[in-house]
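Q: The structure's right below; bear with me while I get my questions together.
The values are calculated or read from the model by the stated rules, or taken from the named source; none is laboratory data. Keep in mind that what you see is a predicted model, and the values were worked out from it rather than measured. Every residue, glycine among them, receives a Cβ derived from its backbone with ideal geometry; neighbour counts consider all protein chains shown. Surface accessibility is based on the protein's heavy atoms, side chains included, excluding ligands, DNA and RNA. Shrake-Rupley method; radii C 1.70, N 1.55, O 1.52, S 1.80 Å.
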Amino acid sequence: MQGAEADPDLAPVTRQVSGCAAPATVPSGPERGQPLAAAVAELPVLDASGRQVPFGALFRERRAVVVFVRHFLCYICKEYVEDLAKIPKSFLQEADVTLIVIGQSSYHHIEPFCKLTGYSHEIYVDPEREIYKKLGMKRGEEIAPSGNSPHIKSNILSGSIRSLWRAVTGPLFDFQGDPAQQGGTLILGPGNNIHFIHRDKNRLDHKPINSVLQLVGVRHVDFTSRPLVIHV
């Protein structure tokens with residue numbers, strides 16, 4: 001996670017829309033200005049009913065913020081998605097942007113995870129992690145400096161205990177994904193256009209949500225309704 005300092009990967013530019021300046025997305029990394037490979041766009045994701053949907057169909061006709069999470073038992077992912085759930089749908093509609101979360105569990109875990117987090121935007125899974133792999137998402141933890149996240153409220157001990165409790169009390173005892181898999185954030189569409197990509201180096205390296213929303217012209221969201229617990 002990033003602190004208060006400006007992040008060069010997230011620096012917005014402006015474009016004129018109806019006489020007003022609006023933020024335009026800025027790609028990050030070697031994919032800057034390159035399209036998403038057709039072979040990746042054709043890979044399937046699964047919805048909560050197990051129905052296959054081509055990945056590229058999710059953003060063929062629209063811009064999308066696509067957040068890949070580690071696994072559904074990860075307390076950091078849970079608390080991050082809890083904050084994604086706070087983004088009003090009206091804010092996204094104003095900017096003509098959709099929000100999509102992709103996990104790597106069985107599709108059976110989607111509905112319980114949404115109930116747990118209060119998340120009501122779009123969500124899919126990539127159980128074989130094929131899209132994660134093709135997009136170069138990291139597997140394993142890389143040591144990297146991280147600031148305090150505005151999205152993480154639990155410390156390692158309490159968060160890990162809650163994750164373990166969910167694992168042993170759930171109807172299916174599994175990790176709901178590969179625990180070593182890291183996630184990332186992309187801004188895609190319309191079509192196979194990559195506007196921004198960030199691959200998490202470790203479980204704490206997700207991008208602050210408002211920094212990403214700023215890039216697609218979505219209004220600032222207040223995530224400070226609950227007290228923060230310093231991550232130790």
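Q: Going by amide H atoms built from the backbone, whose H comes under 5 Å of the H on residue 60, apart from near neighbours?
A: Here the answer is 191, since their amide H atoms fall under 5 Å of that of residue 60.
Q: Next question, about the same structure. Considering amide H positions built from the backbone, and no H for Pro or chain starts, which residues 5 or more places from residue 97, or on another chain, come under 5 Å of its amide H?
A: For residue 97, whose amide H was placed from the backbone, there are no distant partners under 5 Å.
Q: Rank 71, 108 by accessible area, highest first, at a 1.4 Å probe radius?
A: Values: 71 15, 108 105 Å².
Most to least solvent-accessible, the answer reads 108, 71.
Q: Between residue 37 and residue 57, what is 0.36 nm times their sequence separation minus the Cα-Cα distance? Round to one decimal in nm.
A: So the extension gain works out to 5.9 nm.
Q: Give the long-range amide H neighbours of residue 202: residues separated by 5 or more places, or on another chain, with amide H under 5 Å away, using H modelled in the peptide plane at 1.01 Å from N.
A: Under 5 Å from the amide H of residue 202: 142.
Q: A further question on this structure: In what sequence, highest mean first, do 113-122, 189-198 appear when ranked by Cβ atoms within 10 angstrom? All intermediate terms of the calculation are to be shown ahead of the outcome.
A: Working: 113-122: 15.9, 189-198: 18.9.
Highest to lowest by the protection proxy: 189-198, 113-122.
Q: Rank 141, 128 by accessible area, highest first, at a 1.4 Å probe radius?
A: The residues order as 128, 141, largest area first.
Q: Can I ask one more? Using a cut-off of 12 Å between beta-carbons, work out the net charge of the residues near residue 189 (Lys and Arg +1, Asp and Glu -1, residue 189 not included).
A: Numbers: positive: 60, 62, 63; negative: 61, 96.
For residues surrounding residue 189, the net value is +1.
Q: Let me ask you something else. Output ³J(HN,Hα) for region 213-218: one whole-Hz value per residue in order, computed from phi by the Karplus curve 6.51 cos²θ - 1.76 cosθ + 1.60 with θ = phi - 60°, and x for Gly and Pro.
A: Karplus-based 3J(HN,Hα) across region 213-218 equals 4, 4, 5, 10, x, 8 Hz.
Q: Applying the Karplus parametrisation 6.51 cos²θ - 1.76 cosθ + 1.60 with θ = phi - 60° to the phi angles of region 130-140, what ³J(HN,Hα) value in whole Hz is obtained for each residue in order, glycine and proline being reported as x?
A: After applying 6.51 cos²θ - 1.76 cosθ + 1.60, I find 5, 6, 3, 5, 5, 7, x, 5, 6, 10, x Hz.
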